[in-house]
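Reviewing the structure listed below.
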Amino acid sequence: MDYDFDLIVIGSGAGGGTLASACATRGKRVLVIERGRRTQIDERVHDEQRTLFDKQPYDDRPIELNGESRRLLMGGVLGGGTSLYGGAMIRPSVDDFHPGKSYGERIDRALWDWPLGYDELAEYYDQAERLYHVAARGGDDFAPLAPPTASNEDEILPLADINRRLIDANRRQGLHPFQLPLSIDASLCLRCDNCAGFPCPTGARRSAAQLVDEAQAATSQLTLLTNCEVERFESGTSEVLGGVHVRERSTGELSLYRARRYVLSAGAIGSPAILLRSGFVHPLIGRHYMMHYSPLCVGFYLASTGADETFVKQVGFADYYFGTDDCPHKMGLVQSLPAPGPLMMAKSGGRLLPRWLLASLRKRMLPLVGIVEDLPNPANRVTLGEGGRICLSHQFSEYDRDRGRALGRQMKRILRRGGAVYCAGNALPSQEHVAHQCGTLRFGRRADEAVVDADCRMFGQRDLFVVDGSILPTSLGVGPSLTISAMALRVADILTQEI
Ligand SMILES: Cc1cc2nc3c(=O)[nH]c(=O)nc-3n(C[C@H](O)[C@H](O)[C@H](O)COP(=O)(O)OP(=O)(O)OC[C@H]3O[C@@H](n4cnc5c(N)ncnc54)[C@H](O)[C@@H]3O)c2cc1C
Ligand code: SF4
């Protein structure tokens, strides 16, 4: 068979963009096919209406979520989620790779241990931190999380005063807050009050789009198609697929491309949809969708926190990662968030409050979010509906909610220690499924337990790999982007040897 490329990578996010750049810089001929366009950086880049309400840089497909059509907050531009994310790139705990230690009675025996352990990924976490320029404070105590090896103290953003107070007050009470490892270059950063969720106007926040661009500039090996959607795979044999069918979205023109290997990385909702549309029949395709249960807690202070005018998403607490005295169950990380913008403030309950009061509250707030590991449930799944539209069924379990409530109580205490005079909690999960989608094509040891094997190769299809958030068998208690990137770099090694 004639091949157009060594490798076709579908989707340019944390998984696909990272893998594509690694393979191209090692001399493989790579085609990246990205459904979205390149992010337009202009003066309206932090336009809240356009970005968070009209969702212009987000995936423009309505998803039928529990029967209701919605646009979800998942990256839909070159770089995928990493062109919009908060840049917190955090290693999980070594025990996250052994979920049986925390949930032995609640999950299948097959899920007790991931098919590979932390030690096998450690070198790829190092590489991913280097590629994404992760800056972390060397002396911080990250336990029980695995610590970053990158420290780059020179590139770290200076702590906002409110965060210094929050850290000091909580350390005095025996907690171990740390400065979040961020893929943000302080020398380029404008310290915007609203960072996560918006494109970065200066390129200070590293993204997979930058990796793809850099690989393309450094080598003639990478070809990039944007605004082009992979509709389905052309069937072939279990050894060789017949290619990918691609539609140019402006013109509707259809093309078929062939490669020695295919890497699916269209995100945890997009990837199973492509497999289902292509006629793959593994019973686990699309199942076990997870996204983290995320309790929010906002502390209000008498004096200004600066959250309305500067960058405050800087602090993490892993003290309750594996539970508390009153809730001895694994929970996850607590980390700070930027203050919501004025429109989001008005939407989430403040419609009746005058603008001056909302502005005053925004000036005096500091939000925290919990990243609670939600457990995989086969009923939470991606399917295709009429006409091929993507449907998502999802409910959190009572166990996820209970742990979220328990973590929310600790978040209030953290904020009060830092001087908050009032704390408002919100245990309601986002209806827009912000950010951490994963689990729908999980990797494992056996074909009856997982969709892809330990090398992320699809069982029964030798030339097809998956490297996005779909492969995670459990959702971890930290944001997934660093782990997805590390796994992608491991697969890049396998592919460069194999092709
Ligand atoms: C607002 C926000 C804040 C976040 N903050 C953090 C954070 O601080 N820390 C963290 O770890 N994580 C964070 N995340 C999550 C992180 O960005 C994602 O977990 C990560 O990007 C997922 O990587 P992925 O490769 O699975 O998919 P994505 O990065 O979503 O990439 C999938 C890509 O595939 C493309 N695609 C989809 N369908 C097709 C198709 N049919 N054909 C071609 N291309 C297709 C999409 O357009 C997209 O570009 C955040 C995400 C968001 C949206
Ligand atoms: S705060 Fe810094 S990294 Fe974030 S969007 Fe602004 S310039 Fe970019």
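We did not get these values from a lab; they are worked out from the coordinates using the rules stated. Everything numeric in this text was worked out from a predicted model, so none of it was measured. In this analysis, Cβ positions are derived from the backbone assuming ideal geometry, glycine residues included, and neighbour counts consider all displayed protein chains.
For the chain, calculate the relative contact order in percent as a whole number, restricting contacts to Cα pairs under 8 Å that are 6 or more residues apart.
About 23 percent, as a whole number.
Work out Dmax and Rg for the chain from the C-alpha atoms and quote the Rg first, both in angstrom.
Rg then Dmax for the chain, in Å: 21.6, 70.
Could you tell me which of 414, 131, 11 has its Cα farthest along the dipole of the chain towards the positive end, charges placed at Cβ (Lys, Arg +1; Asp, Glu -1), taken about the Cα centre?
Result: 414.
Order these by the 10 Å Cβ neighbour count, fewest first: 229, 234.
Lowest count first: 234, 229.
Of all beta bridges DSSP finds with both residues in the chain, what is the antiparallel percent, to the nearest 5?
70 percent
When only C-alpha pairs under 8 Å and at least 6 residues apart count, what is the relative contact order of region 342-445, in percent? Each step should come with its number before you reach the end.
Values: 53 pairs, mean separation 20.2, N = 104.
Answer for region 342-445 is 19 percent.
Taking 8 Å as the Cα distance limit and 6 or more residues as the minimum spacing, I'd like the relative contact order of region 257-413 as a percentage. Before the final figure, lay out the partial values.
On the way: 247 pairs, mean separation 51.3, N = 157.
Contact order relative to length: 33 percent.
Using the Cα centre of the chain as the reference point, and only Cβ charges (+1 on K/R, -1 on D/E), how large is the resulting charge dipole? Debye, rounded to the nearest 20.
So the magnitude is around 1360 debye.
List 108, 308, 126 from most exposed to least, where exposure is judged by having the fewest other Cβ atoms within 10 Å. Each step should come with its number before you reach the end.
Working: 108 13, 308 21, 126 16.
By the 10 Å Cβ count, ascending, the order reads 108, 126, 308.
Suppose every Lys and Arg Cβ carries +1 and every Asp and Glu Cβ carries -1, with no other charges. What dipole size does region 290-419 come out with about its Cα centre, to the nearest 20 debye?
560 debye
Most exposed first by the Cβ proxy, i.e. fewest other Cβ within 10 Å, how do 64, 373, 123 rank?
Ranked by crowding around the Cβ, least crowded first: 123, 64, 373.
For residue 4 and residue 360 in the same chain, what is the full-extension length gain: residue separation times 0.36 nm, less their Cα-Cα distance, in nm?
122.3 nm
On the principal axes of its Cα set, how long, how wide and how thick is region 102-151? Give whole Å, largest value first.
The Cα atoms of region 102-151 stretch 38, 21, 15 Å along their principal axes.
Label residue 176 and residue 250 with points 7 Å out from Cα along Cα→Cβ: what is the distance between them in nm?
A separation of 5.3 nm, rounded to one decimal place.
Hey, can you grab everything whose amide H is under 5 Å from the amide H of residue 232? Only 5+ residues off in sequence or another chain; H modelled, so Pro and N-termini drop out.
Amide H to amide H, under 5 Å and 5 or more residues apart or across chains, residue 232 pairs with 245.
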